[in-house]
1. Being without any contact (Cβ under 8 Å) to a residue 24 or more places away in the chain and basic (Lys, Arg) is the requirement here; does Arg234 meet it?
2. With the requirement that a residue be within 17 Å of Glu239 (Cα to Cα) and of a type in the set (D, E, K, R), what does segment 91-127 give you?
3. Between Gly6, Gly71, Gly22, which is surrounded by 21 or more Cβ atoms within 10 Å (Cβ to Cβ) and in contact with a strand residue (DSSP E or B) (Cβ under 7 Å, 6 or more places away or on another chain)?
4. Kindly indicate whether Ile141 is within 16 Å of the ligand (Cβ to nearest atom) and within 18 Å of Phe69 (Cβ to Cβ).
5. Pull out all pairs, ordered by first then second residue, where Cβ-Cβ is under 9 Å, the residues are six or more apart or on different chains, the first lies in segment 238-255 and is without any contact (Cβ under 8 Å) to a residue 60 or more places away in the chain and surrounded by fewer than 16 Cβ atoms within 10 Å (Cβ to Cβ), and the second is in a loop (DSSP other than H, G, I, E, B) and not β-branched (Val, Ile, Thr).
6. Can you work out which of the residues in segment 189-233 that are closer than 30 Å to Met18 by Cβ and among the small types (Gly, Ala, Ser) is surrounded by the most Cβ atoms within 10 Å (Cβ to Cβ)?
7. Looking for something more than 27 Å from Gly214 (Cβ to Cβ) and more than 16 Å from the ligand (Cβ to nearest atom) - is there at least one such residue anywhere in segment 107-120?
8. Could you please tell me which pairs satisfy a Cβ distance under 6 Å, a separation of 6+ or placement on different chains, a first residue in segment 214-231 that is of a type in the set (Lys, Arg), and a second residue that is part of a loop (DSSP other than H, G, I, E, B)?
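Read-outs: derived from the displayed coordinates by stated rules, not from any lab. Values in this document were obtained by computation on a predicted structure and should not be read as measured data. Note that we place each Cβ from the backbone using ideal geometry, even for glycine, and neighbour counts take in every protein chain shown.
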Amino acid sequence: MAVGSGLQLKSPREIDTMARGGAILAATHAFVKTHVQPGVSTGELDRLAEQFIRDHAGAEPAFKGLYGFPGAVCISVNEEIVHGIPSNKRILNSGDIVSVDIGVKFEGMFTDAAITHPVGVIDEVTQRLLEVTERSLAAGIAAATTDNHVGDIGAAIQAVVETAGFSIVRELVGHGVGFAPHEEIQIPNYGKAKRGKKLVAGLTIAIEPMVNVGTAKTRTLGDKWTVVTLDGKRSAHFEHTIAVTDAGPRVLTVV
Ligand code: MG
C-alpha cells in the first residue's frame, strides 16, 4: 500500500481488483432494479442483493455488520436520505423512490455505489430530482482529474444541484474507499474550485451527492441509523467509486 500525504493510494493492480468487485456491485444494482416494483418490501430487496453478491466467488456485502448495521445493503425510501434499514414491513408503493446503497468486498478490496430508483409512476418534481442528482454525480466524476483538487468535485456537484433549485446535504460526504469501506479523505458535495487536497493518481474515492427537494438539513431517526430530511421532503442519492488516474477519472462500479 502506498501512502502519500495521508492518502491511501492504490496500485494499478489494486485498482483493477476494485474494478472487478465494482462490476459485481454494478450487476447487483441491475438485478435489484428488476425487482423494484409496488408491493415489494425493502427486506426482500436486501435478501436478493445479498444472495446475488454471495453468488460471486470472493465477494461479500461490505455493509453487513459494518459498525453494527443490521442489513446487507442500505435501503432508504422517499424522505430517507441514507442508511435506511431494510425491513419486511416496509412495502414500496407506486410513486415512491427507493435509494439502494451497496458495498462490496472482493478479494480484500472495497467498492461502494448507490442508485435511487423510481417505484411505479413518480411525479414530475421527483423525476427531476433523480435526473439532477445523477447529472450532478457525473459532473463530480468529470472533475476528478489530476489537475484538480477535492474542492473542484464538490463545486461541480453543487453547481448542478443549486442551478436546478435543489439543495445539497452537507452533513454527509463522500470518502476514500478501497482498502477499507471508509478511508480518511472526505469528499464534500459542495465547495470551491482549487481548494482542498490535490487529487493524485491512485486515489480511489466514493463520490455520492445526496440531493434534497427542500431543506438541506437532516436528522437521524430513533433507530440510530436512518438519516431523513428535516422537512420530510424527498431526497435522492447516486454514488460511484472512482479511481483518479493520469488518463482521467475511471469509474470502477460499472459492469
Ligand atoms: Mg455508499
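1. Spelling it out, it is not the case that Arg234 is without any contact (Cβ under 8 Å) to a residue 24 or more places away in the chain and basic (Lys, Arg).
2. Initial filter on segment 91-127 (within 17 Å of Glu239 (Cα to Cα)): 97-105, 110-118.
If the condition is that a residue be within 17 Å of Glu239 (Cα to Cα) and of a type in the set (D, E, K, R), then Asp101, Lys105, Asp112 are the ones that fit.
3. When all the criteria are applied, what remains is Gly22.
4. Numbers: within 16 Å of the ligand (Cβ to nearest atom): yes; within 18 Å of Phe69 (Cβ to Cβ): no.
For Ile141, the condition - within 16 Å of the ligand (Cβ to nearest atom) and within 18 Å of Phe69 (Cβ to Cβ) - is not met.
5. What qualifies is Ala247/Ala201.
6. Among those that are closer than 30 Å to Met18 by Cβ and among the small types (Gly, Ala, Ser), it is Ala206.
7. Quick first cut of segment 107-120, residues more than 27 Å from Gly214 (Cβ to Cβ) only: 107-111.
After this cut, where a residue has to be more than 16 Å from the ligand (Cβ to nearest atom) as well, the list is 107-108.
Yes, there is a match, as at least one residue in segment 107-120 is more than 27 Å from Gly214 (Cβ to Cβ) and more than 16 Å from the ligand (Cβ to nearest atom).
8. Close Cβ pairs (under 6 Å, with a partner that is part of a loop (DSSP other than H, G, I, E, B)) amount to Lys217/Leu230; Arg219/Leu230.
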